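Colleague: The structure follows.
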Amino acid sequence: MIPSSFEYFAPTTVAEAVSLLQKYGDDAKILAGGHSLLPAMKLRLSNFGALIDINKIHELRGIHVDGNISIGAMTTYHAIESSDALKATCAILPEAVSLVGDIQVRNRGTLGGSLAHADPAADPPAVMLALDAHVHVTGPGGNRTIAIGDFFTDMLTTSLQPGEIITSITLNPLGAGEGAAYSKFPHPASRYAIVGAAAYVKLEGGKVSACRIGITGAGPKAERQASAEAALIGTDGSAEAIAKAAEHAGENMDVLSDIHAGEDYRRAMIKVYTRRALTAAVERAR
Amino acid sequence: MTAITVTVNGKQHHSEVEPRTLLVHYLREHLNLTGTHIGCDTSQCGACVVHVNGESVKSCTMLAVQADGANVTTIEGLAHNGQLHPVQEGFWEKHGLQCGYCTTGFIMAAADLLQKNPHPTDDEIRHGMEGNLCRCTGYENIVRAIRYASEKMAAK
């Protein structure tokens, strides 16, 4: 399978990439790791007149841990899963991305590419929601920062505006009393999440003072679980409290049904995987 | 057409390609290196795995123009001076293949795995080979072949 013809550009600066995006408008697409885009183009599900390959923009790569965590948009999954700095400050992220696809996918696939594509079954969106990440973008109007809660708007759709490129993602390192974990039910062949749950918990004085849960795979987009979070806050984080809170996971959420799993099954798995992720997160916070 | 310069198995090639040319087609059809196979053509089966700048990639999911300036190693470049790479030797010794279609991709992926993790457990081998599918062997002898290579490389 071969994509339809396109013009190819490999800019070396973000400014150059943004001006190409402006020039070609809707006919242009950013090429990051290419492991979602190129298969779609080979199947002719997507056709673009201009591909703007941002792999040669070196400023978009790299992991900086210095008070807070900053990850360049073009940092590969492999770089994230093998980062000692991330393992020490934010272990959930290298653990979660080590479950993406296979080694070859992780050698090419990037964090920024995953977020921009917003695949409903991708792992990183759930983790970013649980960690309350911020997405930094550059566009024709300059730079802006998007809170992750405002980023995913629908299936394969984000609040990125035409001409904007993700440049980096920032996170807070996890400190004493904080813990986070990701638990995933992968499709056995594709490794995409049928249900993936990411949980963050903060304990203060033996009580849960903060909790964030992100679910991926189950609905049209990755989503926080407000009622389950509220049910855990103020409790002691015991197994009983977690089980009770997890029962609220999936409330007020659209859930998909497909050949891999029906809606009822996915709703049941949302609760199971939320419980597992919360249990591991609380254990780490203690 | 776009001009690219790619070093493949140590030899530099100057080529003109259409931007939509996939790396696997460039290797097979422009350079006649047909040891890299096209299996599923949907980045799942791993028959097309080659190394780009030392890392394993699925060459059906990368454009040839993206390899401009890169060092590419294919199965044809793995043996040195008539001496099989330990992973190739492992597949020979442990009968890690039947039809052989997936084999070159497995060998390239295993070589990358062992360079990242020289002493993998059987579980780590299986996890590391998730990107390669074999329809004949049931994987047992493939795991043995990679374990053989890991032991052989450690003994050196």
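Colleague: Hey, among the residues in the range B:6-32 that are of a type in the set (S, T, N, Q) and touching a residue at least 60 places away in the same chain (Cβ under 8 Å), which one's farthest from residue A:6 (Cα to Cα)?
Modeller: B:9
Colleague: Could we say that residue A:71 is open to solvent by 30 Å² or more (accessible area, probe 1.4 Å), modelled with pLDDT of 95 or more and in a strand (DSSP E or B) here?
Modeller: Considered against the rule, which asks whether it is open to solvent by 30 Å² or more (accessible area, probe 1.4 Å), modelled with pLDDT of 95 or more and in a strand (DSSP E or B), residue A:71 comes out as no.
Colleague: Name the single residue that is nearest to residue B:40 (Cα to Cα) among those in the range A:1-43 being more than 26 Å from the chain's Cα centre (by Cα) and in a loop (DSSP other than H, G, I, E, B).
Modeller: Out of the qualifying residues, it is A:1.
Colleague: So, one more: Being within 19 Å of residue A:29 (Cα to Cα) and away from chain B (no Cβ under 14 Å) is the filter here; which residues of the range A:44-71 pass it?
Modeller: A:60
Colleague: I'm checking my understanding of the structure. Among residues of the range A:247-286 that are over 21 Å from the mean Cα position of the chain (by Cα) and of a type in the set (A, V, I, L, M, F, W, C), which one is surrounded by the most Cβ atoms within 10 Å (Cβ to Cβ)?
Modeller: A:282
Colleague: Does at least one position in the range A:200-211 carry a residue that is modelled with pLDDT of 95 or more, under 23 Å from the mean Cα position of the chain (by Cα) and open to solvent by 40 Å² or more (accessible area, probe 1.4 Å)?
Modeller: Within the range A:200-211, one or more residues are modelled with pLDDT of 95 or more, under 23 Å from the mean Cα position of the chain (by Cα) and open to solvent by 40 Å² or more (accessible area, probe 1.4 Å).
Colleague: Of the residues that make up the range A:194-205, is at least one under 18 Å from residue A:254 (Cβ atoms) and β-branched (Val, Ile, Thr)?
Modeller: yes
Colleague: Can you name every residue in the range A:24-50 that is surrounded by fewer than 16 Cβ atoms within 10 Å (Cβ to Cβ) and touching a residue at least 24 places away in the same chain (Cβ under 8 Å)?
Modeller: Matches in the range A:24-50: A:25, A:26, A:43, A:44, A:47, A:49.
Colleague: Another question, then. Would you please list the contacts, defined by Cβ atoms under 7 Å and residues six or more apart or on different chains, that run from a residue in the range B:87-103 that is aromatic (Phe, Trp, Tyr) to a residue that is open to solvent by less than 30 Å² (accessible area, probe 1.4 Å)?
Modeller: B:91/B:103; B:91/B:107; B:91/B:145; B:101/B:47
Colleague: Restricting the search to the range B:20-56, which residues are modelled with pLDDT under 95 and either in contact with a Lys or Arg (Cβ under 6 Å, 6 or more places away or on another chain) or on the phi > 0 side of the Ramachandran plot (or both)?
Modeller: Matches in the range B:20-56: B:41, B:43.
Colleague: Right, next: For a quick check of your reading: which strands (runs of 3 or more DSSP E) sit entirely within the range A:96-186 and have at least 1 residues that are within 14 Å of chain B (Cβ to nearest Cβ)?
Modeller: A:178-186
Colleague: Restricting attention to the range B:16-38, which residues are open to solvent by 20 Å² or more (accessible area, probe 1.4 Å), outside any loop (DSSP other than H, G, I, E, B) and of a type in the set (Ser, Thr, Tyr)?
Modeller: none
Colleague: I would also like to ask the following. Could you name every one of the helices (runs of 4 or more DSSP H) located completely within the range B:49-156 that has at least 3 residues being open to solvent by less than 20 Å² (accessible area, probe 1.4 Å)?
Modeller: Once the helices (runs of 4 or more DSSP H) in the range B:49-156 are filtered for at least 3 residues that are open to solvent by less than 20 Å² (accessible area, probe 1.4 Å), what remains is B:86-93, B:103-116, B:140-155.
The values are calculated or read from the model by the stated rules, or taken from the named source; none is laboratory data. Because the structure is predicted, anything quoted here is derived from the model rather than measured. Glycine also receives a Cβ, built like all others from the backbone with ideal geometry; neighbour counts cover every protein chain displayed. In case anyone asks, the SASA skips ligands and DNA or RNA and just uses the protein heavy atoms, side chains included. Shrake-Rupley method; radii C 1.70, N 1.55, O 1.52, S 1.80 Å.
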